[in-house]
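The values are calculated or read from the model by the stated rules, or taken from the named source; none is laboratory data. For clarity, every value in this text was computed on a predicted model and none was experimentally measured. Glycine gets a Cβ as well: all are built from the backbone with ideal geometry, and neighbour counts include every protein chain shown. These accessible areas exclude ligands, DNA and RNA; they are computed on the full protein's heavy atoms, side chains included. Shrake-Rupley method; radii C 1.70, N 1.55, O 1.52, S 1.80 Å.
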Amino acid sequence: MKLYLMFYRQKSYISFSVILMLVQASCVLAQTGAASPDSMYRVDPITVESASTTRVSMDQSIDSAALLLDNAVGIGGLLKYNSLIFIKDYGPGNITTVSARGGSASQSQVFWNGININQAGLGITDLSTLPPFLIDQITVQQSASGAGSGSGAMAGNILLSNNASSSPGFSGLIKQTFSSIGEKSTGIRIGYHRNKFSVDARYIYLDSDNTYRFTNTAARPFETEQTQHNAELIQQGYSATLRYKLTPRTELSVYSWYTHFDRNIAPTLQTIIKAKQQDVSIRNSIQLSHQRNRSIWNYKLAYLRDAYFNSQRSAYSDSIINSDQGHTDNLINQIDYAYELGYGISFHAGVTQFYQSITNNSLAEGGKSRERLSFYGGVTWTGKRKHTVLTALAREELYGPHASPFIYSLQLDQRLLKGMSFIIKGDRYYRIPTLYDLYWGKGGNPDLRPENGWGAEAALSQKIHFRKIKYTMTVNVFTRSVKDWILWTPERSREYNYWMPQNVNEVWSRGIEFKNDLAIEFSNQILLTLSFKHTYQNTTRQDRYGKNGEGYQKQLIYTPIYLGNVGFVLQRKQFALSFYQQYTSWVFIQADERDYINPYSYAMLRLQAGYTIGKNRLDVFGEVDNCWNTTYQTVKDRPMPLRYFRAGVIYKWN
């Protein structure tokens with residue numbers, strides 16, 4: 001308790017946190033005591049979901065089987081082949097960020113078991129620091145959900161979740177992988193489940209030389225193939241999940257996460273400076289849920305810390321010429337409540353409280369902190385036959401002496417015919433400036449206004465099931481306008497040149513998305529699944545800011561106009577053949593569209609074989625990445641690998 005009080009420091013913040021916990025505890029205890037033992041076992045769970053995780057039409061889920069087979073350092077590779085978001089990848093093991101529907105990386109939020117883990121300083125999450133082995137499921141929400149998820153959820157969400165073991169007694173697995181670029185990884189998972197108690201613990205260690213071949217497109221007079229150097233990396237981490245049923249209605253969940261990433265940053269094609277970066281992430285969360293006949297309480301308490309150290313060294317010696325180090329802390333206190341009123345009406349509300357601090361050698365006074373308090377509420381009405389669902393949400397957030405714009409969301413889900421449904425949705429959303437936006441060195445701007453905007457979308461979905469054939473098609477159109485876009489621009493003074501954020505842009509995104517999934521079951525236990533996804537997104541600046549109004553009504557930099565992927569999986573008994581092809585159109589890297597990255601397409605092929613040994617199972621797999629040996633870049637002068645190979649084994653026991 002003393003550490004808790006020391007961390008909060010301010011009396012008002014302490015008081016509100018204590019009140020939240022006491023109210024939650026009293027409600028849970030009172031409701032648990034009021035119900036008879038018999039009634040606890042007869043309760044049917046209600047279907048009201050938290051507003052922050054409400055599913056929308058273009059959601060894409062990636063399950064534990066796909067995550068287990070993926071061998072990449074982070075989750076970016078999986079998202080490239082299984083979603084319609086643009087992955088800005090600096091190379092294997094290097095920084096990886098996302099752009100959904102033309103939004104910036106800070107306009108997409110990453111949630112871990114319901115907790116927002118975007119850094120308090122930068123407002124983003126580096127996907128390369130999220131090992132797939134430590135995650136059970138990923139859900140990509142294409143749609144903006146600011147009223148449900150809060151600040152920054154303007155272009156979508158990425159939801160990560162962990163599950164405790166469900167197999168009786170002890171279970172586990174060991175995974176070992178190798179690659180032709182000098183990558184070796186070992187993963188161990190142990191689980192235990194008995195009656196009311198279940199636990200899952202995992203450990204991952206990855207060591208890679210990262211000596212991949214690439215094409216140097218900047219070489220003169222001819223392009224040449226070279227081997228990448230100074231790209232070594234070591235990644236290790238663990239995750240643990242514990243769940244205990246206090247009563248048949250009340251469950252306690254504890255989540256823990258630790259990763260340490262030590263990597264050398266390969267130079268660009270135009271530089272020879274050697275760089276090194278270390279990242280440490282610590283995440284811990286305690287969650288309590290209680291269910292009544294008509295209501296659900298969820299309480300979450302989480303502590304997040306992200307520490308980093310970056311350095312640049314001379315190409316001719318090991319002397320450090322520049323360095324940057326610091327850490328961010330985030331303490332989150334959240335309570336959600338859902339109640340079914342009857343007549344198809346349900347109510348949901350919640351409060352989230354943040355205490356954020358950052359320490360960095362380039363910040364004024366060495367560090368800064370702030371408090372945030374966010375309230376949301378909503379109502380859902382479901383028709384008698386469940387053909388019509390109408391949801392309304394609203395949110396307000398306070399941070400320091402400021403308040404966010406009042407935002408809201410309205411969504412209609414309508415079933416039209418058998419297997420056909422229609423969704424229309426309208427939103428307002430916002431993003432408050434990050435601590436770096438406000439206070440970074442001499443370039444921070446404490447007068448920044450929050451980004452704010454509105455959006456609308458409509459989707460039509462058709463499901464067809466004929467004998468052993470299943471087909472799902474979804475078409476979605478969207479439009480989104482953002483004002484006071486926070487943009488870092490170069491400034492100049494008499495003493496030095498520096499970058500400073502300003503509210504300068506109005507940006508308009510509009511587009512259309514297609515998603516098709518087909519599954520055909522043949523005889524002899526043969527199953528074929530096909531998928532095709534495609535998006536057109538036109539994202540342009542609507543202001544004339546800058547010299548001669550450059551960039552006016554032109555595509556934003558690092559925002560492709562077209563994205564698409566196609567894939568198939570052919571399964572027969574315990575054998576599976578998978579193929580995925582991804583396409584990205586021109587990516588402009590200058591506001592006036594004079595310079596750009598050419599379109600590119602690459603593919604991945606995987607073969608898997610499984611063998612049952614009593615109650616245990618052995619899986620062997622191999623894959624070819626960049627099958628067609630494509631020369632491409634997703635970031636200017638950051639070449640991606642040519643063709644390379646991976647292989648691995650997984651042994652599971654129960």
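In this structure, does Q608 turn out to be under 14 Å from F86 (Cβ atoms) and touching a helix residue (DSSP H, G or I) at 6+ places or on another chain (Cβ under 9 Å)? So Q608 does not fit the description; no. Of all the numbered requirements in (1) under 21 Å from E457 (Cα atoms); (2) touching a residue at least 60 places away in the same chain (Cβ under 8 Å); (3) open to solvent by less than 30 Å² (accessible area, probe 1.4 Å), G426 misses one, and that requirement is (2). For segment 620-636, residues that are open to solvent by less than 50 Å² (accessible area, probe 1.4 Å) and under 23 Å from G564 (Cα atoms) total 10.
Of all the listed residues (R617, R646), the sole one being of a type in the set (D, E, K, R), in a strand (DSSP E or B) and closer than 16 Å to D70 by Cα is R646.
When L301, L233 are checked against the criterion of being open to solvent by less than 50 Å² (accessible area, probe 1.4 Å) and within 14 Å of N94 (Cα to Cα), a single residue qualifies: L233. Taken together, the criteria place E396 among residues that are under 24 Å from the mean Cα position of the chain (by Cα) and without any contact (Cβ under 8 Å) to a residue 24 or more places away in the chain.
Filtering segment 583-602 for residues that are under 30 Å from I424 (Cβ atoms), in contact with a strand residue (DSSP E or B) (Cβ under 9 Å, 6 or more places away or on another chain) and open to solvent by less than 50 Å² (accessible area, probe 1.4 Å) leaves a non-empty set. Selection of first residues in segment 99-121 that are farther than 22 Å from T359 by Cα and of second residues that are among the aromatic types (F, W, Y) and open to solvent by 20 Å² or more (accessible area, probe 1.4 Å), restricted to Cβ pairs under 7 Å at least 6 apart or on distinct chains, gives the following pairs, ordered by first then second residue: S99/Y558. Quick check, is I282 of a type in the set (V, I, T), open to solvent by 40 Å² or more (accessible area, probe 1.4 Å) and under 22 Å from A120 (Cα atoms)? When the stated conditions are applied, I282 passes them. Scanning segment 603-614 for residues that are among the small types (G, A, S) and either assigned to a loop (DSSP other than H, G, I, E, B) or open to solvent by 10 Å² or more (accessible area, probe 1.4 Å) (or both) returns A609, G614.
A quick yes/no check of all residues on (1) closer than 30 Å to F466 by Cβ; (2) free of Cβ contacts under 8 Å to residues at least 40 places away in the same chain; (3) buried (at least 16 other Cβ atoms within 10 Å of the Cβ):
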residue	(1), (2), (3)
E513	yes, no, yes
E550	no, no, no
F568	yes, no, no
L618	no, yes, no
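Annotation: F579 fulfils all but one of (1) modelled with pLDDT of 80 or more; (2) open to solvent by less than 30 Å² (accessible area, probe 1.4 Å); (3) of a type in the set (A, V, I, L, M, F, W, C); (4) in contact with a Phe, Trp or Tyr (Cβ under 9 Å, 6 or more places away or on another chain); the unmet one is (2).
Testing K573 on (1) modelled with pLDDT under 90; (2) under 24 Å from the mean Cα position of the chain (by Cα); (3) within 30 Å of R467 (Cβ to Cβ), one condition comes back false. Which one is that? Among (1) modelled with pLDDT under 90; (2) under 24 Å from the mean Cα position of the chain (by Cα); (3) within 30 Å of R467 (Cβ to Cβ), the lone unmet condition for K573 is (2).
Quick check on D413: is it free of Cβ contacts under 8 Å to residues at least 40 places away in the same chain and either open to solvent by less than 60 Å² (accessible area, probe 1.4 Å) or among the basic types (K, R) (or both)? So D413 passes the test.
Residues of segment 220-234 that are assigned to a strand (DSSP E or B) and touching a Gly at 6+ places or on another chain (Cβ under 9 Å): L233 alone.
Results for (1) open to solvent by less than 50 Å² (accessible area, probe 1.4 Å); (2) modelled with pLDDT of 95 or more; (3) farther than 25 Å from G444 by Cα; (4) in contact with a Ser or Thr (Cβ under 8 Å, 6 or more places away or on another chain), shown as yes or no for each residue.
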| residue | (1), (2), (3), (4) |
| --- | --- |
| G342 | yes, no, yes, no |
| A349 | yes, yes, yes, no |
| G367 | yes, no, no, yes |
| G378 | yes, yes, yes, yes |
